[in-house]
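The values are calculated or read from the model by the stated rules, or taken from the named source; none is laboratory data. None of the values given here were measured: they were computed from a predicted structure. Reconstructed Cβ throughout: ideal geometry from the backbone, glycine too, with neighbour counts over all protein chains shown. Surface accessibility is based on the protein's heavy atoms, side chains included, excluding ligands, DNA and RNA. Shrake-Rupley method; radii C 1.70, N 1.55, O 1.52, S 1.80 Å.
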Amino acid sequence: MVAACSEPGPSLSERTLPIIDSVKTEYAPDKRVALFAIEPVEKGDTLVLRGETDQPTAKQQLLAALSSAGIAYQDSIQMLPEASLGDDTLGVVSISVANIRSQPKHSGELATQATMGTPLRVLKKQGDWHLVQTPDKYISWMQGSFQPMNADTFQTWQDADKIIYTNPYGFAYLDENMEHTVSDLVMGNIMEVKDENQGVFWVELPDGREAYVKRNEAVLLDDWLAEVKATAESVVETAFQLMGVPYLWGGTSAKGVDCSGYTKTIYFMNGKVLPRDASQQVHAGELVDEDKNFKSLRPGDLLFFGRAATDSTRERVTHVGMWIGNDEFIHSPGLEAHVKISSIDPESKHYDEFNLNRYLRTKRMLTSNRDILTLKDVKLF
């Protein structure tokens, strides 16, 4: 008698991986803003789930799906923020511009920046580095440069009277004579105000340093929030304040900006928080054009550039600029090394044939809140 041969069924890992991928696609498709790094490891007849996530609903969904599929498991998934942080799972950026990197090392790519007063969610620690999340949900690594806080301390800071610095660049000083500096400052820096007189604000930086700021270079934050409104005129005015600022990959301040850091800074100073990268900003706002019908554009609209989709490749958005009217847009192109004006008009001295040829579409941020936060409503986490 000859026994029939049969192929072995899929392993526990092979049955589990599609379920993990499905949950990740639903809850954490973009690792820049949500973490879901889970892997199944077989130990004999036991399936061990290892990894980490900051998405509790996604974890619950995964475990429920595995149970429904009849897959027994051992849960070794670490939830973030990690327990070793204790209560200090929040923080506030304490220097004018903090670098946030893609890896926990100084040679890691500069992923983005955060300016003084930006609230942070702290997810975990590795050596001297912390994995942090900014209000636009961007997740990367920071070494120092912020003041860790527990929920009570953070709420006290949130409730305090504050100022916002409105000059592109300047300083906080040791005394009212403005002779010695405590810190440099950039547009958008936020500090707690302790007192004020006709000429200066007396402030406390998030790390406890005290300083003086010229009164004509800052505004009480509550007053600013009550009055700020993103209009075509206001965003164009802000854009021109940053004309000539150097290009910096990952930059989001008056010290240096990349293309999306530039548009993000423009809108931040007009009360709106855009997603961080061009490939994220393109999903925000309201579609205006994707056929080079530039007559339909208004100042403040964002133009997106890159590689169009083909039968075999996905669309790739790699650049963004802002329409300012008169057939012109303003942007921070890496090739030119600074913020500049370009034109779609072949007769203009600013004609930009390169970007015109890779134009994808235009989105309007002024009249839409799709994937856009209003700064006055941001309470973080």
Tell me, yes or no, whether the stretch 357-368 has at least one residue that is open to solvent by 30 Å² or more (accessible area, probe 1.4 Å) and touching an Asp or Glu at 6+ places or on another chain (Cβ under 6 Å).
yes
Across the stretch 14-63, the tally of residues that are within 21 Å of the chain's Cα centre (by Cα) and aliphatic (A, V, I, L, M) stands at 5
Can you tell which of His283, His350, His338, His331 is within 13 Å of Asp258 (Cβ to Cβ), surrounded by fewer than 18 Cβ atoms within 10 Å (Cβ to Cβ) and not hydrophobic (A, V, I, L, M, F, W, C)?
His338
Candidate set from the stretch 225-242 (those that are open to solvent by 20 Å² or more (accessible area, probe 1.4 Å) and of a type in the set (A, V, I, L, M)); member that is nearest to Thr156 (Cα to Cα):
Leu225
For Ser68, work out the one condition from (1) within 27 Å of Asp371 (Cβ to Cβ); (2) open to solvent by 50 Å² or more (accessible area, probe 1.4 Å) it doesn't fulfil.
(1)
Hey, any hits in the stretch 105-119 for a residue that's touching a residue at least 12 places away in the same chain (Cβ under 8 Å), open to solvent by 30 Å² or more (accessible area, probe 1.4 Å), out of contact with any strand residue (DSSP E or B) (no Cβ under 8 Å at 6 or more places or on another chain) and more than 19 Å from Arg32 (Cβ to Cβ)?
no
Within the stretch 272-280, can one find any residue that is assigned to a helix (DSSP H, G or I), among the hydrophobic types (A, V, I, L, M, F, W, C), out of contact with any Gly (no Cβ under 8 Å at 6 or more places or on another chain) and under 19 Å from Ser234 (Cα atoms)?
no
Please enumerate the residues belonging to the stretch 139-176 that are touching a Lys or Arg at 6+ places or on another chain (Cβ under 9 Å), within 24 Å of Thr252 (Cα to Cα), of a type outside the set (A, V, I, L, M, F, W, C) and open to solvent by 20 Å² or more (accessible area, probe 1.4 Å).
Gln143, Gln158, Asn167, Tyr169, Tyr173
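Yes/no per residue for (1) farther than 13 Å from Tyr165 by Cα; (2) at pLDDT 95 or above; (3) open to solvent by less than 30 Å² (accessible area, probe 1.4 Å); (4) in contact with a strand residue (DSSP E or B) (Cβ under 9 Å, 6 or more places away or on another chain):
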| residue | (1), (2), (3), (4) |
| --- | --- |
| Ser183 | no, yes, yes, yes |
| Met187 | no, yes, yes, yes |
| Ile190 | no, yes, yes, yes |
| Gln198 | yes, no, no, no |
| Phe201 | no, yes, yes, yes |
| Leu205 | no, yes, yes, yes |
| Tyr212 | no, yes, no, yes |
| Ala218 | no, yes, yes, yes |
| Asp223 | no, yes, no, no |
Taking the stretch 78-91 and keeping residues part of a strand (DSSP E or B), out of contact with any helix residue (DSSP H, G or I) (no Cβ under 6 Å at 6 or more places or on another chain) and under 13 Å from Phe154 (Cβ atoms) leaves Gly91
